[in-house]
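For reference, the structure is listed below as structure tokens.
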Amino acid sequence: MLGRLAVDGTPKQREAAVRALATSAAIRSQRAVMGRLNRQLNLNIGQMVGFAVTPQRRLTIYDNKTNGRTFLPGVRARDWGQPPVEDAAVNQAYDGSSATYEFYRDVYKRNSLDGVGLELVSSVHYGVGFDNAFWDGSQMVYGDGSGRIFQIGGLTRSLDVIAHELTHGITELTAGLVYSKQSGALNESFSDVFGSLVKQYSLKQSAAEADWMIGEGILVPALGAALRSMMNPGTAYSGDRQPGHMDDYVDLPDNNDPRNDNGGVHINSGIPNHAFALAATALGGKSWEKAGKIWYKVLTTRLRPNSQFDEAAQATVDVAGSLFSSTEQDIVHNAWKEVGVRT
Ligand SMILES: [Zn+2]
């Protein structure tokens, strides 16, 4: 959506969107390198049999004090185990990271992003009125929002946004999906899937009760209700270009023009998002118990950096059969069929 606002927004929105996009682009190249390094490091740790990592701290929150990139992470604002402080953004980042950690531990038996207790580091108050939140390859970073695109303080208020960004860390350390075109749209979609699941888990919602929205209530009201709708892609905000079916796939080049969104990674993620929401709803019950379990296993054990939609779809069908039965397998197959992806 930032890409669109950089072109069509009001002058103030354009300025804020361009600033956020420029920073994100610089971070992106750094993130790819960090991801590769982390994967290699993780592999080496795994090879050391009996090497038990006991984290001193599960998470730490820093205050960037609006200084930006050269001052990351910033000043330590709340340590693991410390009581709430006065700053709401610090406490929200703390609670959101903690809820995401507990979700992965309790539901999928995963100890943090790398599986061996990696400390979750977050910095809040990044830059001045910065309109984005991102995973930089080693930590979470949250801007305050300018009040022209994101509501001031909105980005840390949203548990699914926090879980979305942290899930990028898991993806980098497992499937390593390349952040471009279809593999990038899958990368984005897995972050939305688990972002939504962490929210549903915290609210104890069933698939039928979930709103399937990402970042609900964090945009300024004039722009729309949420960043993305998984059940009804393309309806979250005015100008939302997400397709929910392969017939409407948006084929964009990955040419470093921020308006093209790395070949539509935040646009075409609507298609796998829609497949997940349909599968989870048809499977019934709590989304993290069946659909989430299938998608988690696929992300962490079946995909490669260049996996495309059809390969991911086939993997979910296969895993549905191995974890459950042919009934679940048929449901997952039909969900992908409904969005035009063949399995
Ligand atoms: Zn993302």
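Are there any helices in the chain, counted as whole DSSP H runs, that stretch 15 Å or more along their axis by Cα and score at least -0.5 on average by Kyte-Doolittle, and if so which? Mind dumping the intermediate values first?
Details: long enough: 11-47 (53 Å, -0.45); 88-108 (29 Å, -0.55); 159-173 (22 Å, 0.51); 181-202 (31 Å, -0.36); 270-283 (19 Å, 1.04); 309-323 (21 Å, 0.42); 326-338 (18 Å, -1.27).
Helices meeting the criterion: 11-47, 159-173, 181-202, 270-283, 309-323.
Given a 10 angstrom Cα cut-off, can you work out which residue in Glu86, Glu328, Glu165 is the most mobile in a GNM of the chain?
Checking each option, the largest mean-square fluctuation is seen for Glu86.
Which of Ala175, Ala313, Ala22 moves most in a GNM of the chain, Cα contacts under 10 Å?
Highest fluctuation among the options: Ala22.
Given +1 on the Cβ of Lys and Arg, -1 on the Cβ of Asp and Glu, and no further charges, what dipole in debye does the stretch 83-184 carry about its Cα centre, rounded to the nearest 20? Write out the running numbers ahead of the final one.
On the way: 6 positive and 13 negative charges, 67 e Å.
Dipole about the Cα centre, nearest 20: 320 debye.
Please name which of Ser123, Val265, Phe103 has its Cα lying farthest along the dipole of the chain towards the positive end, using unit charges on Cβ (Lys, Arg +1; Asp, Glu -1) and the Cα centre as origin.
Ser123
Could you give the dipole magnitude of the stretch 206-343 about its Cα centre, charging the beta-carbon of Lys and Arg +1 and that of Asp and Glu -1, in debye to the nearest 20?
340
Can you tell me which of Val124, Val298, Val107 moves the most in a GNM of the chain? Springs connect C-alpha atoms under 10 Å apart.
Val107
Amide H neighbours of Leu59 under 5 Å, counting only residues 5+ apart in sequence or on other chains, H built in-plane at 1.01 Å?
Residues meeting the criterion, in which the H sits 1.01 Å from N, are Trp80, Leu120.
Along the three principal axes, how long is the chain when you take its alpha carbons, biggest first, rounded to the nearest angstrom?
Taking max minus min along each principal axis of the Cα atoms, the chain gives 54, 54, 37 Å.
Might you tell me the accessible area per residue for the chain, computed with a 1.4 Å probe and given in Å²? Let's see the in-between values first.
Details: 14090 Å² over 343 residues.
Roughly 41 Å² per residue, with all protein chains present.
Tally up the carbon and sulfur contribution to the accessible surface of the chain as a whole percent, 1.4 Å probe, everything protein left in place.
Working: 7160 of 14090 Å².
Within the chain, the accessible surface is 51 percent carbon and sulfur.
Determine the alpha carbon to alpha carbon distance for each of Lys181/Lys297; Lys293/Lys337; Lys109/Lys290; Lys65/Lys204 and list only those over 24 Å. Please report the intermediate quantities before stating the final value.
Numbers: Lys181/Lys297 22 Å; Lys293/Lys337 20 Å; Lys109/Lys290 15 Å; Lys65/Lys204 35 Å.
With Cα atoms farther than 24 Å apart: Lys65/Lys204.
Taking one equal scatterer on every alpha-carbon of the stretch 181-338, how large is log10 of I(q)/I(0) by Debye at q = 0.10 1/Å?
Relative scattering, expressed as log10 I(q)/I(0), comes to -0.33.
Given a Förster distance of 56 angstrom, what is the FRET efficiency for Arg76 paired with Met246, based on the Cβ-Cβ distance and rounded to 0.05? Could the numbers behind the result be given before it?
Numbers: r = 47 Å, r/R0 = 0.84.
It comes out at approximately 0.75.
Could you check the spin-label model distance between Arg259 and Arg304? Points 7 Å from the Cα along Cα→Cβ, value in nm.
It is 3.5 nm.
Please give the FRET efficiency for Thr10 paired with Glu102, using the beta carbon to beta carbon distance and R0 = 45 Å, rounded to the nearest 0.05.
Working: r = 40 Å, r/R0 = 0.90.
Once rounded, the FRET efficiency stands at 0.65.
The values are calculated or read from the model by the stated rules, or taken from the named source; none is laboratory data. Please read all numbers here as calculations on a predicted model, not as lab measurements. Positions of Cβ are generated from backbone atoms using ideal geometry, with glycine treated the same way; all protein chains shown enter the neighbour counts. Quick note on the areas: whole protein, heavy atoms, side chains included, nothing else; ligands and nucleic acids left out. Shrake-Rupley method; radii C 1.70, N 1.55, O 1.52, S 1.80 Å.
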